[in-house]
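Participant: Questions regarding the structure given below will be posed in turn.
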Amino acid sequence: MGYASAMWLGFGEALAAVAGALTGLLFVAVSVKSDVLAASRSLSSRAAQTLALFMISVLIAVLLVAPQPPAALGWELLAVGAASGTVLIILDRRAGHGGVPGLGRYIERFSPNMVTAVLVDVAGLTFLLKAGGGLYWLIPAAVASLLGGVVNAWLFLVRMTS
């Protein structure tokens, strides 16, 4: 089942709904405090990183529901993993670390954002090789993407109000 993309349509549809809803909520939060975000490179980078994490799940969902050959899906997942990893590294460096009080400082330092990109790449690679789990790797990738996005949203909302 991890190598039959047709079996993953329901997962893709559910993931699209959840990721789309969270992305919409992010836009509402950003628009309410857009003046604060515009004044801080760190906050705007954290918001962009959150958007990137939610969009990883959106892209995974779109790729899963699109009618296409299996090899195309595998290569597209590899591309999403590589591109998102690069974007997340750049945005994380721009956002910097520190300034978040208490528990937030530890969550920020050990945030699993890069885990998301690696898991998407593992899913693409094992799907292409037809060994090692295939699309089953998208489940933890989606969870990491959505949880990482929620954690990032919390971090930059805490910074905006302090």
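Participant: For the range 134-143, just list the computed ³J(HN,Hα) in residue order, Karplus coefficients 6.51, -1.76 and 1.60, θ = phi - 60°, integers in Hz, with x standing in for Gly and Pro.
Facilitator: The phi angles translate into x, 5, 4, 5, 6, 5, x, 5, 5, 4 Hz.
Participant: Based on Cα coordinates alone, diagonalise the gyration tensor for the chain, multiply each eigenvalue by 5, take square roots, and list the semi-axes in whole Å, largest first.
Facilitator: 31, 15, 12
Participant: As a test of the formula, what do you get for the chain when each DSSP H run with n ≥ 4 contributes -39,500 (n - 2.57) and the sum is divided by the residue count, at 222 nm and rounded to the nearest 500 deg cm²/dmol?
Facilitator: -27000 deg cm²/dmol, from helical runs alone.
Participant: Next question. Taking all protein chains as present, what is the carbon and sulfur share of the accessible area of the chain, in % to the nearest whole number, probe 1.4 Å?
Facilitator: In the chain, the share of accessible area belonging to carbon and sulfur is 75 percent.
Participant: Another question, then. Most mobile of 32, 65, 18 per a Gaussian network model of the chain (Cα springs, under 10 Å)?
Facilitator: 32
Participant: Can you give the angle from 0 to 90° between the axis of helix 113-129 and the longest principal axis of the chain, with both taken from C-alpha atoms, to the nearest 10?
Facilitator: It works out to around 10 degrees.
Participant: Diagonalise the Cα gyration tensor of the range 122-161 and give the resulting equivalent ellipsoid semi-axes, square root of 5 times each eigenvalue, largest first, whole Å.
Facilitator: 33, 7, 4
Participant: Now for a different question. Helix 41-65 versus the longest principal axis of the chain: what is the Cα-based angle in degrees, 0 to 90, to the nearest 10?
Facilitator: For 41-65 against the chain, the angle is about 20 degrees.
Participant: May I pose another question? Across the range 85-94, in residue order, what do the Karplus-derived ³J(HN,Hα) couplings come to in whole Hz, using 6.51 cos²θ - 1.76 cosθ + 1.60 with θ = phi - 60° and x for Gly and Pro?
Facilitator: Working through the residues one at a time gives x, 4, 4, 5, 5, 4, 5, 5, 5, 5 Hz.
Participant: According to a simple spin-label model (label point 7 Å from Cα along Cα-to-Cβ), what is the distance in nm between residue 114 and residue 90?
Facilitator: 1.7 nm
Participant: Taking 8 Å as the Cα distance limit and 6 or more residues as the minimum spacing, I'd like the relative contact order of the chain as a percentage.
Facilitator: 32 percent
Participant: Please find, in a Gaussian network model of the chain (springs between Cα atoms separated by less than 10 Å), the residue of 69, 140, 112 whose mean-square fluctuation is greatest.
Facilitator: Fluctuation is largest for 69.
Participant: Rank 24, 148, 74 by mean-square fluctuation in a GNM of the chain with C-alpha springs under 10 angstrom and give only the top-ranked residue.
Facilitator: Checking each option, the largest mean-square fluctuation is seen for 24.
Participant: Still on this structure: At what distance in angstrom do the alpha carbon centres of the range 1-20 and the range 73-95 lie from each other?
Facilitator: That distance is 20 Å.
Participant: I'm a student and want to see the number: the projected area of the Cα convex hull of the range 1-54, averaged over all directions, in nm².
Facilitator: Here the figure is 4.4 nm², rounded to one decimal.
The values are calculated or read from the model by the stated rules, or taken from the named source; none is laboratory data. What you see is a predicted model; the values in this text were computed from it and never measured. Virtual Cβ from ideal backbone geometry, glycine too; neighbours counted across all protein chains shown. Ligands, DNA and RNA are stripped out before the accessible areas are found, and what is left, the full protein with its side chains, is counted by its heavy atoms. Shrake-Rupley method; radii C 1.70, N 1.55, O 1.52, S 1.80 Å.
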